[in-house]
Each structure stands twice: as structure tokens, then as C-alpha cells.
1. Of the conditions (1) within 14 Å of chain B (Cβ to nearest Cβ); (2) in contact with a strand residue (DSSP E or B) (Cβ under 6 Å, 6 or more places away or on another chain); (3) farther than 22 Å from residue A:27 by Cα, residue A:97 satisfies every one except a single condition; which number is it?
2. Hey, among the residues in the range B:440-467 that are small (Gly, Ala, Ser) and closer than 30 Å to residue A:49 by Cα, which one's farthest from the other protein chains (Cβ to nearest Cβ)?
3. Select from the range A:7-24 the residues that are open to solvent by 50 Å² or more (accessible area, probe 1.4 Å) and more than 8 Å from chain B (Cβ to nearest Cβ) and list them in ascending order.
4. If I ask for residues that are open to solvent by 20 Å² or more (accessible area, probe 1.4 Å) and of a type outside the set (Val, Ile, Thr), which ones from the range A:28-42 would you list?
5. Within the range B:68-86, is even one residue under 25 Å from residue B:26 (Cβ atoms), assigned to a loop (DSSP other than H, G, I, E, B) and either in contact with a strand residue (DSSP E or B) (Cβ under 6 Å, 6 or more places away or on another chain) or not hydroxyl-bearing (Ser, Thr, Tyr) (or both)?
6. Out of the residues in the range B:65-87 meeting the condition of being of a type in the set (Lys, Arg) and farther than 16 Å from residue B:13 by Cβ, tell me which one is farthest from ligand 1 (Cβ to nearest atom).
Amino acid sequence: MKIVKINEDNCIYCHLCEVACVVEHSQSKDIIKAFKREEKPTARCGVEFNYPLSLSVMCRHCDDAPCMEACQNGAMHRDDRGYVVVNEDKCVGCWMCVMACPYGVIKRDTRRDVWGLSTKCDSCPDRDVPACVEACPNNALMFEEI
Amino acid sequence: MKWMKNLKTYTPPAFTVIRDDYRCIRCKACVEQCSFDATFYDEEENRVWNWDANCVSCNRCAAICPTEAITIEKRDYSYRRNYSWESHIDSLKKRAIFGGTPVVSMGNDKPYKIYWDHILLNASQVTNPSIDPLREPMELKTFLGKKPHNIEIGDDALKTILSPQLEIDIPIMFAAMSYGALSYNVVEALGRAAREMGTFYNSGEGGLNKDHYKFKGNIIVQVASGRFGVHKPYLDVGSAIEIKIGQGAKPGIGGHLPGEKVTETISETRMMPQGSDAISPAPHHDVYSIEDLRQLIYALKEATEYTKPVIVKIAAVHNVAAIASGVARAGADILCIDGFKGGTGASPQVIRDNVGLPIEFALAVVDERLRNEGIRQDVSIVASGGIRNSMDAVKAIALGADAVYIGTAALLAIGCTMCQQCHTGKCAWGITTQDPHLSKRVNPDIASERLINLLKVWALEIKETMGAMGINSIESLRGNRLNLRGIDLTDREMEILGILPAGE
Ligand code: SF4
Ligand code: SF4
Ligand code: SF4
Ligand code: SF4
């Protein structure tokens, strides 16, 4: 299984990974519409900064995923590709997974219909290479076998 | 009051940043990437805006913007048109306001005639066949160093003792750019590319970071007037030692690395205090004559047991031919001539823009002079300063160079946009900066790949043109001025270049 590998030495703090993630998870998949017309989805990766260090962090799709363990409803589950994803229909927004994730990469959705539900990296099911990886201009994110 | 201009220090901004508000998604990538404090985000107004006076037109923001919302425009002079004064008004005012002479970087940007663009190459037709480099072997391998006047063979073996040679697979090397001027990652990329391509990169005058000793076999080490970071292991790691007498961008001027760029590792490498300006004196204080130069050359040869060629790098100045002759006689194995279009990390603007010679002339007259004196084989010639493409390299070799150095071209390959701010240490492309947050912008994996691509493409282009001329070895192109013709040049210019006019 491939996951997004993070190389903090190369991260230049441009946030384009977040931009690409938002566009990928938007309705239109159009950068202008995603940001200016639609209800903007939350970026599932987040860029952290502490000069001179910066790095983008997203779900590590852990083998022993604590978020899955914590989820009372079976919303947080492993899909058939092997990635840890959330089923919005089952999520009740209790945020136990948010509490449990050691990387702090589970976010709360801000869109009206799914307000407060957990949202996280789904390793871009519609793409061969995740959007963040493709957008990263400096190879700080690489999609590689673990 | 954060941003309000003040008449006392005002000169009109040179550039305007134009942002298409429909396209801008407020991602703030441009805000973060601008290292010159020219781009801001205002939370209250939800606006991204610019302080144009600070913009240096590095184009980093425009390059990073995911929606192509940004255009940088050159501001036109709103002064009344005045051919003789208009480009001097602001530069005069700046001197008057700030009381200092402007320091600039990169090469001379004045519209002097570029002779490369007035030289045409030949090709064969009918009488001698052209060669297809993709089907037939084509030799670019070059040996730099002193060649014997004649050779003696005895007992089926060469009896003549040959001088040490620098062997390069392509006649292109990376010019001296110091660690200090360049960031660590750029040096790393240059080293990797030189290794992959069978050529050399030049450490420049700032010594060598201990991590880069691994490039032994692909490094030329430089000894300049400041002698920064020069010690026995440093000399030993170089495949050749270059004595820097002058630099094309600033003949007669020493080096200057601003204190902001002298970080802990730089100070360690250069063996000097952190944060203080690294000033190399204008002359070597032990070289006041050709005889002194000879002493320095032989001191370095002695120190390295005569195993390495010594390069002497001089700036192209008016009496370059006579100086070159002296350098050859002083015992240099390789002579590097640096033309006035060559780059610099910091130079007073007046020097950069007014001093020196075009490399085309300097190269032609030096080659001619050394031939006439019968000492051309005593030194190899490396041309540098303004080699912009593979055809400049071909023309340089046909004019008499053995190889060329590229500096600016290499930096362009890894992102540089020639905004001429190297001396500020704020390079937004991460190339000429020691700020660890900025220097990350050069990923050595990507940068070295780009350099390798550039050299491979240039090598192929050189082979293509050689093939068209019916030449299958770079040796036969060297000094082959019969394959050059001048266009739009005066008779006198062509006489100096030693080439015929087109049509003759
Ligand atoms: S892999 Fe896809 S979902 Fe996960 S952070 Fe990257 S872009 Fe977002
Ligand atoms: S796109 Fe790449 S370089 Fe930019 S912030 Fe994300 S990880 Fe860092
Ligand atoms: S990078 Fe482009 S889209 Fe993003 S804030 Fe700047 S101008 Fe707007
Ligand atoms: S990034 Fe460069 S071009 Fe853009 S505003 Fe800043 S200085 Fe100007």
C-alpha cells in the first residue's frame, strides 16, 4: 500500500497541498469555484510551521488506527484499499477520533450539511496520485510504498 | 502607520504587482513566498496586496500562484522622456538620498552588443558529408592542462612526462560560485550534476563545507585573495586549483559576502567570525607581478606535489592578451578568462556596468596572442562570463577556448529569474541565501536533475552542430575560426575576432 510520505526538509510552506486537497474534495473540482462559489471543504492536510521548519501533515493511515478504536459507531473504518476513512452517514460528530488521533489530522467539517462531522484524508479515492502530492512543488510529499 | 510612503526616501517603484481579483482565491501562497516584504494579507479586508516599492520582480509569487492571478509589470517612467537622462534620474537620486553607491548582483545588464549573436556557424554540403550524432560516435571529451611541445616515444612507450590534466566528458564546467554566496543545497546539486556528467564544479572562494568533500574527483577548489577556507585538505580534495585574480563582473574589485550571509556553518567553512562581512581584498597581497604569481602557482603545485593543474582566472580587461601571455609563462596550466557579462553575488553597480571586455574579444585576442608567441599549448583556455546557450559554447570553442564555464546559466536552470538581489541574501528562489527557511526552496534532487538535463541537452546540441559541420570531435572544432562568419559587424571587429564576414 502506498501512503503520502512527508519530507520536511523540502517543505516550503506554500500551502498548495491544502489548496489542492480542497479542490479535490469540492463539488466542482474547479479551483475558483471551490474557493469562491461553493461551500469550501476543509483541507484534510494541514501545514505546520515553526521557523525554519514546516511540513504538511495528513492521516498516516495507521495499522493500529487509534481513531478506529475510539469510534463508537463504526464510522471510522478501513476501506477496501486499506485506507482509514470516515463514513459520514454513521458519524455522529462526537469527536472521539479527533481526540484519539496522535497526529491531530482529523478535522471537523464546516459545511452546512455535514457540520461538525469528522473529516479526514481519504487518500483521494478518485485519483492515482493524491492531489496534495501532485500539487507539491518541491517533492515534500511523495506517494510511496510503505 | 505601517505602509505609507515618505517623500524623503521616495523613488518610483520599478515594478507593479497586478493581481486579478477574480482569480485570487486568497490562498496566501504568494504572501508566504515573497521574501522581500512586498506582499501582504489583510485579514480584516480579506485582501492580498502589495507594497510595490519593495518588489524586485523575482516572479516567485507569480510562479507559485495556483490560479495564475499575478502579473508583474515593469513600471514605465512617468518622467518626461529624455534619452540621455531618463535611466539615470532614479539612480542619481538614490545616491543622493542614501549616500552610498548601489551594490548589485548578477552580470552586466546594459545593452552592449552581444557578439555571439553576430557570429554564424557553418555546415557542410555535398563536398564533405555532415554527420548524424545519433548514429555515429561523436567525441566531446576534453583534457585541460599543459600539453607538451613534442612527444618522445621509446621502448614502445611514451617517454615524455605529461603534465597533470583535467579530464572532462563535456567541455562545460560549473563556474566558481562560493558556498556562502550560494546555499548549501545548490552546491550539493552542482556537485551531483558535475559527478553525473563527468565534469567539475568550482568551489569558489568560500572554502568547502565538510559534507561536500564527498565530491572529490569533481571539484575545482579556488584560492582567492581572501584565502577563505584554504588549507591542506581543501587543496587536496580539488582535482585542480584555481587562483582567482579577477572576475569579469567586477575586474579590479575584491569579493564581498555581506555579514547577513555569514552564518555559523559559513563562518566555520570560511574560518572567519560569524556575522562579519567576508571581504576579499582587490589584489592578492602577495601578487604584485607575474613573478609573484609564478611563486603562488608553484607554492600551490609544491603543496600538492605537482599532481594537479593550476588554473589562473583573470577578468577580461583591455590588455588581456599581454596578461594572458604572462600568466602562461608564469606556469599556469589552465587560463580562465571571464568576460564582463559574467555574474557576481555582489558588486558595485558602476564597476559591473562599465568595466571590462566582452568575452568574445578577450578570447579571440588571447588565443591569437598565445599562438603567435608559440605558447598556446602551454595553457588550456576556459572561457566564461555570459555563456547563455550551447551555441555560445560552440562559438567560444571555435574562437579558441578549450572549454567553457557556466554560472548564471546553471542558476537559471534551477529557478533563478535574474532579479539581481543575490547580495541581499533574501533570494526568493532559495539559491543565493543562507536563510534555512528560504534555502529549502531548492530541493537538491530536483535541482541536480535539472542541471543534468541542461548539460545533456547542450551536449546533444553541440554534437548536432558539430555533425552539421562534418566534425566528429570537439578537438577539430577548437580554434576552427574558419567555421565562423560575422554578420552586422565592422571590419575592425571581425579583424579582432579573427573571422571572415558572412558571404566571404
Ligand atoms: S491524500 Fe488526498 S485527501 Fe489526503 S491530504 Fe492528500 S489531497 Fe487530501
Ligand atoms: S505543497 Fe508541499 S511544499 Fe507546499 S506546504 Fe504542502 S508539503 Fe509543503
Ligand atoms: S497565490 Fe494567487 S491565489 Fe493565492 S493569494 Fe496569492 S494571488 Fe491569490
Ligand atoms: S515575490 Fe518577488 S515578484 Fe512577487 S511581490 Fe515579492 S518581490 Fe515582487
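1. The one condition residue A:97 does not meet is (1).
2. B:448
3. A:7, A:8
4. A:28, A:29, A:30, A:33, A:35, A:36, A:37, A:38, A:39, A:40
5. yes
6. My answer is B:80.
Residue-wise test of (1) open to solvent by 20 Å² or more (accessible area, probe 1.4 Å); (2) assigned to a helix (DSSP H, G or I).
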{"residue": "B:283", "(1), (2)": "yes, no"}
{"residue": "B:287", "(1), (2)": "yes, no"}
{"residue": "B:295", "(1), (2)": "yes, yes"}
{"residue": "B:300", "(1), (2)": "no, yes"}
{"residue": "B:308", "(1), (2)": "yes, no"}
{"residue": "B:312", "(1), (2)": "no, no"}
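Condition check ((1) among the polar types (S, T, N, Q); (2) outside any helix (DSSP H, G or I); (3) open to solvent by 40 Å² or more (accessible area, probe 1.4 Å); (4) within 16 Å of ligand 4 (Cβ to nearest atom)) across all residues:
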{"site": "A:26", "(1), (2), (3), (4)": "yes, yes, no, no"}
{"site": "A:47", "(1), (2), (3), (4)": "no, yes, no, no"}
{"site": "A:67", "(1), (2), (3), (4)": "no, no, no, no"}
{"site": "A:72", "(1), (2), (3), (4)": "yes, yes, yes, no"}
{"site": "A:77", "(1), (2), (3), (4)": "no, yes, yes, no"}
{"site": "A:90", "(1), (2), (3), (4)": "no, yes, yes, no"}
{"site": "A:94", "(1), (2), (3), (4)": "no, yes, yes, no"}
{"site": "A:102", "(1), (2), (3), (4)": "no, yes, yes, no"}
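The values are calculated or read from the model by the stated rules, or taken from the named source; none is laboratory data. A quick note: this is a predicted structure, and the numbers were derived from the prediction, not measured. Using ideal geometry, Cβ is built from the backbone for each residue, glycine included, and neighbour counts are taken over all protein chains shown. Protein only, heavy atoms only, side chains kept; ligands, DNA and RNA dropped before computing areas. Shrake-Rupley method; radii C 1.70, N 1.55, O 1.52, S 1.80 Å.
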